[in-house]
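Read the structure below first, then the notes.
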Amino acid sequence: MSRAMTSRPRALSGAAFATLLLIALMMGANHVAARLAFNNGVDVATAVAFRSITTALVVSGLLLLQGVSLRLTRRQQGFLPLIGLLIGVQSLCLYSAVARLPVALALLAFNSYPLWAALWDRLLYQRKPEPAVVLAMPVILVGLAMALDVFGAASGLGTAGQWGQIGGGVAFALAAAATFGLAMILTQHEAGALDGRLRTASTMSMAGLVALATVSLQGGFHFPVAAPGWWGLAALTFLYGTAFTIMFTVLPKLGVAGNSAIMNVEPVFALALAWLILGQSIASMQVAGALLVVATVIVLGLRRR
């Protein structure tokens, strides 16, 4: 979606840079708040439903207030629901990963989405990945292997024991990355000309419907059983909705399209906040791997095309 902004980078003002970092902070805090909610009785579908529907309502209100054109081509009418469906699946998968892994590790595995996007672009539109993407692939994979402690060296559990603990969460995070990468490519090729607010309202509405369908299948909403869960649910809804509203209303005016890769410091913020709020910590080798992944993704996103 928004991370698919792809115009030529230009110099950032102080306000633009601070805004990008604020969005990254809110996104990281959103996932920490989600884990707090999950630890207190909230399930993934309930969290995604509240987050997506609230964001869709806020952005739809902005569309009406600002008089954004709602006209769509026939092709856009066909692809927008598909993109929204993918974002709904991605949201469920990523929150499922956050519920099973330390927050920062879930986000790092998800940060492999540029590789998935390059793969989908090749498969669907026959576009070869840029040399920078090819060079970044092994670096990101090495960083992920370090961060996830794939051989269980840092945890002392060994390979089998470590994957017994992290396997499900990693699978959900990679599924989220794959679906998000596909949504990015479809957005770029099939809906890139649309106003970002219209795309967001559409995709968040569909994501909300996907979450509501999941809620229905599992027998209804699962609300918090303790006060911290309510705080977490409220915080994740506010932080996510606010971040996306800023992303699509303020960022275009600041001229930061193409520099949005700076927001990929989100896992670093999540790592610090999860340590402070949730007491989650990871080994120094995992921190090094995390920084390697984040740095590579940022360099990849800031490259000149």
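The values are calculated or read from the model by the stated rules, or taken from the named source; none is laboratory data. Just so it is clear, the structure is predicted and the values come from calculations on it, not from any experiment. Here the Cβ is made from the backbone with ideal geometry for all residues, glycine too, and neighbour counts use every protein chain on show.
Would you confirm whether or not the range 99-118 contains a residue that is over 13 Å from the mean Cα position of the chain (by Cα) and at positive phi? No - not one qualifying residue is present in the range 99-118.
Residues in the range 11-37 that are farther than 25 Å from Ala226 by Cα, touching a residue at least 40 places away in the same chain (Cβ under 8 Å) and assigned to a helix (DSSP H, G or I): 10 in all. Here is the figure for the range 34-68: residues that are over 24 Å from Ala201 (Cα atoms), within 20 Å of the chain's Cα centre (by Cα) and either surrounded by fewer than 24 Cβ atoms within 10 Å (Cβ to Cβ) or of a type in the set (D, E, K, R) (or both) total 2.
Of the residues Ser60, Ser52, Ser69, which single one is modelled with pLDDT of 90 or more and either among the hydroxyl-bearing types (Ser, Thr, Tyr) or farther than 15 Å from Thr187 by Cα (or both)? That would be Ser52, the only listed residue that is modelled with pLDDT of 90 or more and either among the hydroxyl-bearing types (Ser, Thr, Tyr) or farther than 15 Å from Thr187 by Cα (or both). Of the residues Thr242, Thr214, the single one that is within 20 Å of Phe110 (Cβ to Cβ) and not in a loop (DSSP other than H, G, I, E, B) is Thr214. Contact map, the range 38-63: residues that are over 14 Å from Pro224 (Cβ atoms) and in a helix (DSSP H, G or I) paired with residues that are of a type in the set (Lys, Arg) and at pLDDT 90 or above, Cβ distance under 9 Å, separation 6+ or inter-chain. No pairs are found. Going through Ala147, Ala132, Ala136 one at a time, which residue ends up being within 12 Å of Val297 (Cβ to Cβ) and either within 20 Å of the chain's Cα centre (by Cα) or not in a helix (DSSP H, G or I) (or both)? None of the other options fit; the residue is Ala136. Of the residues making up the range 114-129, not a single one is in contact with a Gly (Cβ under 6 Å, 6 or more places away or on another chain) and under 19 Å from Leu291 (Cβ atoms).
For first residues located in the range 188-205 and within 17 Å of Gln90 (Cβ to Cβ) and in contact (Cβ under 8 Å) with a residue 40 or more places away in the chain, partners that are assigned to a loop (DSSP other than H, G, I, E, B) and hydrophobic (A, V, I, L, M, F, W, C) and lie 6+ apart or on another chain with Cβ distances below 8 Å form the pairs Arg199/Met1; Arg199/Ala191; Thr200/Met1; Thr203/Met1.
Among the conditions (1) touching a Gly at 6+ places or on another chain (Cβ under 8 Å); (2) within 26 Å of Val299 (Cβ to Cβ); (3) free of Cβ contacts under 8 Å to residues at least 60 places away in the same chain, the only one that Ala160 does not satisfy is (2). Against the test of being loosely packed, with under 13 Cβ neighbours inside 10 Å, in a helix (DSSP H, G or I) and not charged (D, E, K, R), the options Leu123, Leu82 yield a single qualifying residue, Leu123.
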